[in-house]
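Q: Here's a structure for you.
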Amino acid sequence: MNKNDKILIIGAGLCGSLLALRLAQRGYKVEMYESRPDLRTTDISAGRSINLALSDRGFKALRLCGVEDKAREICISMYGRLMHDTKGNTFASNYSGRENEYINSISRGDLNGILLTEAEKHKNVNIHFNKKCTSVDIENTIAHFKDYKTKEEFSINAEVIFGTDGAGSVLRKSYYLEKKFLFSYAQNYLNHGYKELEIPADNSGKHQISNQHLHIWPRGDFMLIALPNLDGSFTVTLFLSYDEGEYNFNNLTSEEKITQFFEQEFPDALALIPKIKEEFLNNPTGALGTVKCSPWSYQNNTILLGDAAHAIVPFYGQGMNASFEDVTVFDEILEKGLSNWNLIFKTFEKERKQDTDAIADLAIDNFYEMRDHVANPLFKEKRKIEMD
Ligand code: FAD
């Protein structure tokens, strides 16, 4: 392995663009291919978690790549959770007693945009948009693509291919289909999906509810959460079963039923979401799943990073943070100066697998914790004290 090796990155999302930036800083030649248009010039946010909780783990990687300050400029600090009951009462539960401990709400698109721009500043990085990878020949290190606009099909040869193409990774699929090695793979979906809605800013562009909290409306079988955006709005996410319970995504198909559901369960939120019916009926319902697989790499040729290797459900707010941490750990291993990519890849997986499996399990546990919080006697007791 040397700096002249051509590195191909598939997927210019959060993990891919940070990885491209770091590898470029280390002097590697990077070609990155992304299936979607450039999000800095096209609005493609609809239906994908518009904002995310960024924690210290994520900041560590951003610091390593010299982009921490730029990211901090677009963050909103959230010091705790604010729970809402069905009567509109609220109960605050801070993340810690200390003033300087908080998590951050950040726009996915803006953060991704910063990372792309920083990566592109390096002469040794080229980013190609609208190019969808269709399969990877892992034996010969060749990726096959289709251009969305021209429909042209083409192939790219590289010394090394990184698959940062998210939970539905084509590189991971190629591992499975090519059957060159024993590939263990499990994808487990929750019976709950998610839908995004919006609480707009008030007439003066301000937040209508506290912007210092992550808001939660826990209701046993389902829940609503809201994270603040810099423009005064909140992105609201409903987590709900597809087909179980009195209300579910499959039966909430009429305006009357949607209104009835929100009036009954989330009256204070309903009052703040003016386009509830339109958004509920038009915004997509996203699936939530966990991906565990191994090995992540094939010989000196290919490796999976980020969600492609370890997608998790979002209830710990750690998927992006863990994907960023991949870049931190990968960089530490590069620093050791190991003699070939295979050794680097194997060392990386050995270092990361246990941690990413652990956060995947914690995220599932926290789904039940957040969902059932309202039924917890302690929560009720605390709320009573608060209301007294
Ligand atoms: P992605 O962000 O999915 O990026 C993959 C990229 O590859 C995309 O740009 C995609 O267009 C591109 N791509 C896909 N297929 C191809 C192809 N065939 N060819 C070329 N390009 C391709 N994480 C947190 O840390 N905090 C949170 O608060 C949080 N909240 C979340 C809320 C929800 C509702 C969801 C669903 C996830 C949340 N996450 C959160 C998780 C986070 O979104 C992911 O972990 C993170 O996006 C992973 O980054 P990635 O770059 O690996 O994958």
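Q: What does the net charge come to around VAL136 if you take all other residues with beta carbon closer than 9 Å to its beta carbon, with K and R at +1 and D and E at -1? Walk me through the numbers on the way to the answer.
A: Working: positive: LYS173; negative: ASP137, GLU178.
Overall, the nearby charge balance is -1.
Q: Then there is this: For every helix of n ≥ 4 consecutive DSSP H residues, a contribution of -39,500 (n - 2.57) applies; sum these over the chain, divide by its total residues, and give [θ] at 222 nm rounded to the nearest 500 deg cm²/dmol.
A: Values: 12 runs with 134 residues, N = 388.
Result for the chain: -10500 deg cm²/dmol, rounded to the nearest 500.
Q: Sorted by average packing, counted as other Cβ atoms within 10 angstrom per residue and highest first, what order do 353-364, 298-309 take?
A: In decreasing order of mean packing, 353-364, 298-309 become 298-309, 353-364.
Q: How long is the gain from SER135 to ARG36 if the chain were fully straight, where each residue apart is worth 0.36 nm and the alpha carbon distance is subtracted? Don't jump to the answer; show the numbers that get you there.
A: Working: separation 99, 0.36 × 99 = 35.64 nm, distance 1.64 nm.
Stretched out fully, the SER135 to ARG36 stretch lengthens by 34.0 nm.
Q: For the chain, with only Lys/Arg (+1) and Asp/Glu (-1) charged at the beta-carbon, what is the dipole magnitude about the Cα centre, in debye rounded to 20? Write out the running numbers ahead of the final one.
A: Values: 45 positive and 55 negative charges, 204 e Å.
Dipole size: approximately 980 debye.
Q: Here is a further query. Subtracting the Cα-Cα distance from 0.36 nm times the residue separation, let me have the gained length for GLU101 to LYS70 in nm, one decimal.
A: Working: separation 31, 0.36 × 31 = 11.16 nm, distance 1.96 nm.
Once the chain is fully extended between GLU101 and LYS70, it gains 9.2 nm.
Q: Between ALA287 and ASP361, how high is the FRET efficiency from 1/(1 + (r/R0)^6) when r is the Cβ-Cβ distance and R₀ = 25 Å? Nearest 0.05. Walk me through the intermediate numbers first.
A: Values: r = 19 Å, r/R0 = 0.76.
Result of the calculation: an efficiency of 0.85.
Q: Tell me the net charge near GLU246. Cut-off is 15 Å between Cβ atoms, GLU246 excluded, with +1 for each Lys or Arg and -1 for each Asp or Glu. Mind showing how you got there, number by number?
A: Values: positive: ARG219, LYS257; negative: ASP221, ASP243, GLU244, GLU256, GLU263, GLU265.
Local net charge: -4.
Q: Figure the gain on full extension for SER155 and ASN251 (residue separation times 0.36 nm, minus the Cα-Cα span) and round it to one decimal in nm.
A: Values: separation 96, 0.36 × 96 = 34.56 nm, distance 4.46 nm.
Extra length available between SER155 and ASN251 comes to 30.1 nm.
Q: Step through the residues of the range 351-361 one at a time and calculate ³J(HN,Hα) from phi using the Karplus curve (6.51 cos²θ - 1.76 cosθ + 1.60, θ = phi - 60°), rounding each to whole Hz and writing x for Gly and Pro.
A: Couplings: 6, 9, 4, 4, 5, 6, 5, 5, 5, 4, 6 Hz.
Q: OK, next. What does the charge count near GLU73 come to, summing +1 for each Lys or Arg and -1 for each Asp or Glu among other residues with Cβ under 15 Å from its Cβ? Mind showing how you got there, number by number?
A: Working: positive: ARG63, LYS70, ARG72; negative: GLU68, ASP69, ASP110, GLU118, ASP231.
That works out to -2.
Q: Cα centroids of the range 9-82 and the range 265-281: how far apart, whole angstrom?
A: Going from one Cα centre to the other spans 30 Å.
Q: Let me ask another. Pick from SER105, SER297, SER55 the residue whose mean-square fluctuation is largest in a GNM of the chain, springs joining Cα atoms under 10 Å.
A: Looking only at SER105, SER297, SER55, the biggest GNM fluctuation is shown by SER55.
Q: Now for a separate question. In degrees between 0 and 90, to the nearest 10, how far off the longest principal axis of the chain does helix 377-387 point, with axes built from Cα atoms?
A: 60 degrees
Q: OK, next. Grab every C-alpha pair in the chain, bin the distances at 20 angstrom width from 0 up to the longest one, and report whole percents.
A: Going from the shortest bin to the longest, the percentages are 27, 55, 18, 0.
Q: Once you place label points 7 Å from the Cα toward the Cβ at GLU351 and LEU182, how far apart are they in nm?
A: Roughly 2.6 nm, to one decimal.
Q: Then there is this: Scan the chain and report its longest stretch carrying no GluC sites (Glu not before Pro) that are both in a DSSP loop and have at most 14 other Cβ atoms within 10 Å. All intermediate terms of the calculation are to be shown ahead of the outcome.
A: Working: sites that count: GLU73, GLU99, GLU101, GLU139, GLU152, GLU244, GLU246.
That gives 247-388 as the longest site-free run.
Q: Using only the Cα atoms of the range 192-239, what are the Rg and Dmax in Å?
A: Cα-based Rg and Dmax for the range 192-239 come out at 11.3, 36 Å.
Q: Between the alpha-carbon centers of the range 175-237 and the range 240-258, tell me the distance in whole angstrom.
A: Centre-to-centre distance over Cα atoms comes out at 18 Å.
Q: Specify which residue in the list THR90, LEU19, LEU116 is farthest towards the positive end of the charge dipole of the range 4-133, using unit charges on the beta carbon of Lys, Arg (+1) and Asp, Glu (-1), about the Cα centre.
A: The Cα lying farthest towards the positive end belongs to LEU19.
Computed from the coordinates by the stated procedures, all read-outs in this text should not be read as laboratory data. From a predicted model like this one, the values you see are computed outputs, not experimental measurements. Every residue, glycine among them, receives a Cβ derived from its backbone with ideal geometry; neighbour counts consider all protein chains shown.
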